[in-house]
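Novice: Before anything else, here's the structure in question.
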Amino acid sequence: FRVCDYKVMARVADKIKLIDGSRETLKLSVRITDLWFIGILGKTEQAEMVVVDSDGDEIHVVCKQDQLKSRKADLKENLTYVMHNFKVIKNDGKFRVCDHEYKLYFIGVTVVSLCDMEHLPFRKFRFVDFSSVIAGHFKIGLLVVRYVYLVVVLDVIGVIDEVVFRYVSSKNTRVVLNLKDLSGQVLSYTLWENYCLQFLSYLNDIEDERPIVILLTHARIKEAQGSYLASVSNSFKVSKLMINDLVLEIQEFRERKSNVSFFKQEFVCVTVAKITTIVMDNYSWCYPACGQCYKKADMQTVLFTCPCGKENDQPVLRYRVEVMVNHKGEQTKFLIWDHECAQLIGQTADEVNRLKIEDGDVDLNASPQVLDRLLGCFLAFKVKVQPRFRNSVVLKYSDESDLINVVLDMIPDSEQSVSVIGDHDPLLKIPLTPTKRVSSNELDNERKKFQISPAEVSSNKLAKHSQLE
C-alpha cells in the first residue's frame, strides 16, 4: 500500500480524562470556564485557564509570556475552542485548581481556533462543605486531602454572619468575615487587597437589607494552627468574587436558605430515652477550659489569663459528649456538657484523664472506657433544641422512675412522640411556657462560652435516622 491510498481524516477530539502524558499531539474541543492573568502586564504576564470538554472533565491550561502576546486577544472566558498540541506535564505543584493528574502548556505550535459548540457545559462550581474545612479534611475525587500536603483551592458560598475586622492601608488591606453555610456552620473568611476593596465598596453602596451572599471561586484553604481555626481566603488574582450577583448558584442558595431551620426560634422540651451510642465525630470527648468558667482554652501547662479575666495555673478538662438516644424506634443526638456528664459518670474529666494516663493512654483524643457508663441509661431529659446550631443540648436529666413515668404519661402514644412541649416541666416542677424563643442569658456560662458543632435536631419528636452518623 502507498500512503496516498489512505483516506486522509481529521483528528478526532481527545477526551480530557484520557490524557496520560503519553501524547502531546492532542486535539481538544473545549470551553474556557475560567480565565485569569498573573504577573506584570507587558513583562512577565501569563494567562491561566480551566477548560472543560463535553464530558464535563476539566484540566488546567497555561499560556506563558512568550506565547501570550499573539494569543491574548483570542482568549475569552465562556467561549468554545478547538485546540491542538500542548506540552503535557504533571499537575503536582502545591497550588492546584483542578483534580486532573496533568496540566497543559501552550507551545509554539499550539493551534487555537474559535468554534461555536453550544453543547459544551459551562463552569460547574465545586463548593466546599464548611464542616469539612473545620474538621481538617475533605474529599477531592477519591482522595482525602490534608491541607498540610498542598494548597487546595475550591469554591465557597455562604451568607455573611458578621464583619469581624477590616483594615485598609497602602501596605496591607484585608477584611475578615464570618460566613455561614446552609447547615448553620460558621467559617472564618478573609478577603485581601482588591477583593477586600470590592467587598467594602459593595458594603458602602448597598441600599437594601437583604442578607449578603458571597460566592468566591478558587478559595484557598488554610489549616488550623494552635488556637486559630481553619479558614479560607481568596487566591491572588485567581479568585473571582461575586456578591449578591444574579447568578444561578447565588439565587439557589438564597432560596434554600429561606427554607432551612437555623434562623428559627429555640425551645425547651422534655422527653425520655435510652442512651445507646457514644458518638465520635470531629470533636473529642472533652475540651480544655478555664478552671473558673467554661470558656475554651489552649491546652497548655503554663500560667495564663482567661478572657473572662481569671488567672489559671493550667486549664482543666471538661466533658463534651454527644450521644445517640432512642425511644420506641426513634433516635437522635443529644449533646451532654460537663456538669451533667460528671454527675452521670461519677468522675470529673480531669480525674478520668489522670487515670487514663496512669494506664499508659496519653492521647487526649482517645476515649476513656468510663464513657461506657452512659450506655443503657434510661432517663428523663430536659433538652434545649437550638435550630440555629442544629443540635439538642441536655439541660437536666433524672433517673427517678416516678418522674420518668410522669413524662411517659405525657407522651401521646398515638403519635409515638418522645418529647413534650407542654404546660409544665416535671424536671423543674414549675410551669413551662409552650414553644418560645429563649434569650441567650437564660443559658449557663458553659453553653454560652463554648461554640458547639452542628448535630441533628430533635423537634417535638426524635428525628428518625436510617443509620448512625
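All of the numbers you see were taken from the coordinates with simple rules; none came from a lab. Here the structure is a predicted model, which means the values were calculated and not measured. Neighbour counts run over all protein chains shown; Cβ positions are idealised from the backbone, glycine included.
Novice: Quick one: which residues, 5+ away or cross-chain, put their amide H under 5 Å from the amide H of residue 117? H built at 1.01 Å from N.
Specialist: Under 5 Å from the amide H of residue 117 lie the amide H atoms of 80, each far enough along the sequence or on another chain.
Novice: Right, here's the next one. Over 18 Å between Cα atoms: which of 43/103; 180/257; 333/384; 15/64; 43/69 fall into that group?
Specialist: Values: 43/103 24 Å; 180/257 10 Å; 333/384 12 Å; 15/64 23 Å; 43/69 10 Å.
The pairs that break the limit, which is 18 Å between Cα atoms, are 43/103; 15/64.
Novice: Name the residues of the range 52-77 whose amide N is less than 12 Å from a point 7 angstrom out from the Cα of residue 24 along the C-beta direction?
Specialist: Once the point is set 7 Å along Cα→Cβ of residue 24, nothing inside the range 52-77 turns out to lie under 12 Å by backbone N.
Novice: Placing one identical point scatterer on every Cα of the range 40-125 and ignoring solvent, what is log10 I(q)/I(0) from the Debye formula at q = 0.12, 0.20, 0.22 Å⁻¹?
Specialist: Listed by q, the Debye log ratios stand at -0.37, -1.05, -1.25.
Novice: Here's a follow-up. Give me the extension gain from residue 229 to residue 328: residue separation times 0.36 nm, minus the current Cα-Cα distance, reported in nm with one decimal. Walk me through the numbers on the way to the answer.
Specialist: On the way: separation 99, 0.36 × 99 = 35.64 nm, distance 3.95 nm.
Between residue 229 and residue 328, full extension yields 31.7 nm more.
Novice: Length gain on complete extension for the stretch residue 84 to residue 101, per 0.36 nm per residue less the alpha carbon to alpha carbon distance? Display every interim value, and only then the final one.
Specialist: On the way: separation 17, 0.36 × 17 = 6.12 nm, distance 1.94 nm.
Working it through step by step, the gained length comes to 4.2 nm.
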